[in-house]
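Below: one structure, written as structure tokens.
Nothing in this text is a laboratory measurement; each read-out follows from the coordinates by a stated rule. What you see is a predicted model, and the numbers here were worked out from it, not measured in a lab. Virtual Cβ from ideal backbone geometry, glycine too; neighbours counted across all protein chains shown.
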């Protein structure tokens with residue numbers, strides 16, 4: 001993410017006040033919306049008996065339909081982005097970039113719904129407010145509602161994403177609460193530029209702090225969060241606020257594959273991380289109370 005030098009006439013306290021208002025009201029005023037007619041949004045191409053499927057064709061498409069929906073788990077995945085003002089192309093519908101540890105989990109019982117986000121910061125004021133994250137929250141929410149309308153139980157719906165997609169998934173979980181989704185699998189969640197950018201341009205640091213406050217001030221979050229020690233954006237220590245706030249429902253896992261922010265897609269510990277995700281998915285039984293993943297011995301090996 002790139003930023004341009006800014007000159008702010010407001011005081012720091014005024015900026016904090018403005019950003020607090022952004023954080024609490026953006027969900028209500030955002031007009032971003034997911035579009036099911038967008039061929040880049042839908043289930044993966046090899047998915048059986050679930051629609052719509054990602055395709056290169058255009059035109060009218062069905063609402064979300066899933067055979068035996070009550071017996072399916074659905075992971076709703078959202079990509080990251082290069083710039084808050086530029087929409088991702090999401091053009092590779094046949095082989096979209098997915099976290100290496102997530103791919104083996106997709107089968108006839110666990111489906112993946114891929115969101116190609118339309119959310120961007122559309123003008124100069126939004127460009128430095130992180131408003132696009134709230135647009136992504138709205139997109140996640142609309143798909144969650146569509147899945148529930150199709151018959152998928154809330155306890156079988158998981159949100160996931162990389163970078164801005166992971167951050168938006170966590171924000172959505174805070175907004176919707178555990179009655180509406182089972183949990184979040186976040187890979188390197190971030191949205192406000194690198195740590196260096198946040199130090200250079202304090203506005204981004206302030207925006208991040210406002211969204212962090214929003215994330216932990218609403219409903220409990222159930223999440224498995226992967227963070228990389230050599231990530232230029234967020235590192236385990238900068239995301240520790242999640243585990244500190246929700247010590248029994250958030251698990252923060254770290255590793256260092258020397259791949260930085262893109263470790264997700266070339267993960268030297270993908271097999272172990274895949275195991276941890278499987279445990280997380282199985283910790284939310286359809287008719288059972290939540291069993292927190294920390295009680296599994298697999299989560300004490302790193």
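With the crude spin-label approximation of a point 7 Å out along Cα→Cβ, what separation in nm comes out for residue 200 versus residue 45?
Here the answer is 3.9 nm between the modelled labels.
Of the peptides 95-101, 151-157, 76-82, how do they stack up when ordered by the mean number of other Cβ atoms within 10 Å, highest first? Each step should come with its number before you reach the end.
Values: 95-101: 17.7, 151-157: 20.0, 76-82: 22.4.
Result, highest mean first: 76-82, 151-157, 95-101.
On a full-extension model of 0.36 nm per residue, what is the gain between residue 257 and residue 282, subtracting their alpha-carbon distance, rounded to one decimal in nm?
Working: separation 25, 0.36 × 25 = 9.00 nm, distance 2.68 nm.
Length difference between fully extended and current span is 6.3 nm.
At a Förster distance of 41 Å, what's the computed FRET efficiency of residue 238 paired with residue 55, Cβ-Cβ distance as r, to 0.05?
Details: r = 38 Å, r/R0 = 0.94.
Computed FRET efficiency for residue 238 and residue 55: 0.60.
Multiplying the sequence separation of residue 107 and residue 83 by 0.36 nm and subtracting their Cα-Cα distance, what value in nm do you get?
Working: separation 24, 0.36 × 24 = 8.64 nm, distance 3.25 nm.
Taking residue 107 through residue 83 to full extension adds about 5.4 nm, to one decimal.
Kindly identify the stretch 129-188 as rounded, prolate or oblate by the Cα gyration tensor criterion: order the square roots of the eigenvalues as a ≥ b ≥ c, call it rounded if a/c is under 1.5, otherwise compare a/b with b/c, prolate if a/b is larger, else oblate. Don't skip to the end; give the middle numbers.
On the way: a/c = 2.13, a/b = 1.58, b/c = 1.35.
Prolate, because a/c is 1.5 or more and a/b exceeds b/c.
May I ask you to compute the full-extension gain from residue 229 to residue 63, defined as 0.36 nm times their residue separation minus their alpha-carbon distance, rounded to one decimal in nm?
Details: separation 166, 0.36 × 166 = 59.76 nm, distance 4.08 nm.
That works out to 55.7 nm of additional length.
For residue 91 and residue 122, what is the calculated FRET efficiency with R₀ set at 30 Å and r taken between the beta-carbons, to the nearest 0.05? If you can, show how the numbers build up before the last one.
Numbers: r = 22 Å, r/R0 = 0.73.
Here the calculated transfer efficiency is 0.85.
Using label points projected 7 Å from each Cα along Cα→Cβ, tell me how many nm separate residue 268 and residue 219, to one decimal.
According to this spin-label approximation, the distance is 3.9 nm.
Which ordering of 54, 195 is given by a fewest-first count of other beta-carbon atoms within 10 Å? Working shown, then result.
Details: 54 22, 195 18.
Final ranking by Cβ density, sparse to dense: 195, 54.
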